[in-house]
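Data block below; observations after.
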Amino acid sequence: MKLSDIAQYVTDKISSNAIDLECYVTTDSLLQNKAGRERAVNLPPQTCTLTRFKKGDILISNIRPYLKKIWRADIDGGCNADVLVLRATNEHSSEYLYAVLLQDAFYSYTMKGAKGSKMPRGDKEQIMRFELPTLSCSEGSVGQLIVDIEHKIAVNREINRNLEAMARQLYDYWFVQFDFPDENGKPYKSSGGKMVWNERLKREIPEGWSVGSFQDICKVNRGASPRPIDDFMDDTNTGMPWLKISDATSTESPYIHLIKESIIPEGIRKSVTVTPETLIVSNSATPGIPKFMGITACVHDGWLVVTKYKDPLKYYLFFFIQDLRNMLVNTASGSVFKNLKTDYLKQAPIIITPEIHLSKFDSIIKPLMAELRNKSVERINLMHQRDELLPLLMNGQVSVMPPEVNCDLSHD
């Protein structure tokens, strides 16, 4: 049995004027490594025709299939032509089709027929010839199990978003709106705390606070890329994890735990190694994204490594860079790949906050970020389990217990 026996491409059309941003999907809004989708940045600048998808359809990016961008639609909407929309035929379920397309084997197969070197595209006819195994259990049970795992991953992701939003909101209240707790526990600025004009920032800041440059409170270095790069790549992943610039957007979490490539010992000696909790900033392609390392790794020169700062500053600096990102992007140079002007970050004005406030902020944020990091690891483990389970299910090495079987082992 082939993919064409259980699915078909959707060719229905809808005008871009008929949908809003929430219902618009592009290849960029689909997330790498089967992480679903995020809201698109903009609708098409001009009225155009889109592929109309429905709830339950499966959307996959047809550009660079190795990025494994896939989403099972939970709404109706429209997508551009670079997103393929597949719909299960009447006698097959959307859940099972989704399970089929989640397999790593599907993306490996698609890449074999892809055309183009820099921006390979899948061959739509070849994709439909993907062969499916004969299951030892029902399609419905396989599909439902995978959807249930996906639901757990989605819940985990939503918890992380809320945790980061809470931390981000506290930073905004304390260090942007200046409503940190005063000596009486009341919001400082809102309660009449004294503010003074700062000429460099062209705004008022709390009395007793000052302004310096980013490089006054930390050190910024670039990663390194040993040359020639191909001599140091190790497909067996037996060397040190190798953090490339493409990993900047591979996860929504502030922590990077999952790195697919590695670098062998000769490359490690010529690279820059960072340890867990190191603050790094993307320097190229998608510049200005701050991340924390979740593991020890070597970093590509497309990353900046931030070090030599006092411990209470870690999360303050992270959210400061998030705030600064638009300015960093606007000052980036390059026609194909944007690159930060490192000196701009080093010289960026930053409020020098009294340590008593930084320490209090750090004590509140630290457990939130620790929970966020733990949830990130849990999500990665769930994704590993899903990806390891899928081929076993498809090959009949394991099967799903039918719902009519009573598995209650309690004694009467």
#### Entry: Neighbourhood net charge (12 Å Cβ-Cβ; Lys/Arg +1, Asp/Glu -1) for Ser246
+1
### Message
So the label point goes 7 Å from the Cα of Lys13 along Cα→C-beta, right? Which residues of segment 49-82 then have their backbone N under 16 Å from it?
### Response
49-53, 78-82
### Theoretical FRET efficiency, 1/(1+(r/R0)^6), r = Cβ-Cβ of Tyr66 and Tyr309, R0 30 Å, to 0.05
0.25
### Summary
Semi-axes (Å, rounded, descending) of the ellipsoid equivalent to segment 170-229 per its C-alpha gyration tensor are 36, 15, 9
#### Entry: Helical mean residue ellipticity (222 nm; -39500 (n - 2.57) per DSSP H run of 4+; nearest 500) of the chain
-10500 deg cm²/dmol
## Note on the structure
Taking the chain, the equivalent ellipsoid from its C-alpha gyration tensor has semi-axes in Å, biggest first, of 43, 25, 24
### Task
Tabulate in residue order the Karplus-calculated ³J(HN,Hα) for segment 373-388, using 6.51 cos²θ - 1.76 cosθ + 1.60 with θ = phi - 60°, rounded to whole Hz; enter x for Gly and Pro.
5, 4, 5, 5, 5, 4, 5, 5, 5, 4, 5, 4, 4, 4, 5, 7
### Query
Stretched out fully, how many nm does the piece from Thr331 to Asp301 gain, at 0.36 nm a residue minus the Cα gap?
8.9 nm
## Note on the structure
Of segment 294-325, those with amide N under 13 Å from the point 7 Å along the Cα→Cβ vector of Thr342 are 300-307
### Summary
In this structure, the FRET efficiency calculated for Lys112 and Leu392 from their beta-carbon separation, with R0 = 25 Å, to the nearest 0.05, is 0.65
### Summary
Once all protein chains are kept in place, Ile75 shows an accessible area at probe 1.4 Å, nearest 10 Å², of 50 Å²
### Query
Taking K and R as +1 and D and E as -1, what net charge do the other residues with C-beta under 14 Å from the C-beta of Tyr255 add up to?
+2
### Model label zone, Lys260; criterion: amide N under 16 Å from point 7 Å along Cα-to-beta-carbon; scope segment 34-52
34-36
### Message
Please compute one quarter of the surface area of the Cα convex hull for segment 84-177 and express it in square nanometres.
### Response
9.8 nm²
#### Entry: Whole-angstrom gap from segment 44-82 to segment 302-370, using each part's C-alpha centre
34 Å
### Contact order relative to length of the chain, as percent, for alpha carbon pairs under 8 angstrom and 6 or more apart
15 percent
#### Entry: Relative packing of 322-333, 24-35, which averages over residues the other C-beta atoms within 10 Å, highest first
24-35, 322-333
## Note on the structure
Mean separation of Cα contacts under 8 Å (at least 6 apart) over the residue count of segment 9-78, i.e. the relative contact order in percent, is 40 percent
### Message
Two decimals, Cα atoms only, Kirkwood Rh: what is Rg/Rh over segment 305-391?
### Response
1.12
#### Entry: Extension gain (nm, one decimal) between Ser4 and Gln126, 0.36 nm per residue minus Cα-Cα
42.9 nm
### Query
Tell me, in nm to one decimal, what length is gained between Val377 and Ala165 on full extension, where the rule is 0.36 nm per residue of separation less the Cα-Cα distance?
74.5 nm
### Message
Between Trp209 and Leu368, how high is the FRET efficiency from 1/(1 + (r/R0)^6) when r is the Cβ-Cβ distance and R₀ = 30 Å? Nearest 0.05.
### Response
0.80
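The values are calculated or read from the model by the stated rules, or taken from the named source; none is laboratory data. In this text the structure is predicted, and so the values were computed from the model without any measurement. So basically every Cβ, Gly included, is an ideal-geometry build from the backbone, and we count neighbours across all protein chains shown. To get the accessible areas, we keep the full protein, side chains included, count just its heavy atoms, and leave off ligands, DNA and RNA. Shrake-Rupley method; radii C 1.70, N 1.55, O 1.52, S 1.80 Å.
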